[in-house]
Amino acid sequence: MNKIMEDEFNYQAVPYGYTHCFNACCPKGEKCLHRLVAVHSTNQYPTLSVVNPNCIPEDAKACPFYKSIR
């Protein structure tokens, strides 16, 4: 994960209901906003919107949920 992005990340800025991705094996996870949000999740919300693990494609490089951190 980009060290600068990690140091500057503010979970308070994440919109309520934003989808989190907890797929730790994703080859694109270090550059995906959904994964970054999940990694930095706090106990602020007792429930979260998440990517259904059953919907993650086998070819994670073609993941329709990918959202670049750029």
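The values are calculated or read from the model by the stated rules, or taken from the named source; none is laboratory data. Bear in mind that the values here come from a model prediction, so they are computed numbers and not experimental data. Note that we place each Cβ from the backbone using ideal geometry, even for glycine, and neighbour counts take in every protein chain shown.
Can you confirm whether THR19 is of a type in the set (Val, Ile, Thr) and more than 13 Å from the chain's Cα centre (by Cα)?
Against the criterion (of a type in the set (Val, Ile, Thr) and more than 13 Å from the chain's Cα centre (by Cα)), THR19 does not qualify.
Which residue is nearest to CYS63 (Cα to Cα), if the candidates are limited to the stretch 1-31 and must be at pLDDT 95 or above and of a type in the set (A, V, I, L, M, F, W, C)?
CYS21
Among the residues of the stretch 13-26, how many are in contact (Cβ under 8 Å) with a residue 12 or more places away in the chain and loosely packed, with under 11 Cβ neighbours inside 10 Å?
Residues in the stretch 13-26 being in contact (Cβ under 8 Å) with a residue 12 or more places away in the chain and loosely packed, with under 11 Cβ neighbours inside 10 Å: 3 in total.
Any residue at all in the stretch 49-62 that's outside any strand (DSSP E or B), modelled with pLDDT under 95, surrounded by 12 or more Cβ atoms within 10 Å (Cβ to Cβ) and in contact with a Pro (Cβ under 8 Å, 6 or more places away or on another chain)?
Yes, the stretch 49-62 contains at least one residue that is outside any strand (DSSP E or B), modelled with pLDDT under 95, surrounded by 12 or more Cβ atoms within 10 Å (Cβ to Cβ) and in contact with a Pro (Cβ under 8 Å, 6 or more places away or on another chain).
Of all residues in the stretch 24-48, count the ones that are under 19 Å from PHE9 (Cα atoms) and part of a loop (DSSP other than H, G, I, E, B).
The qualifying residues number 9.
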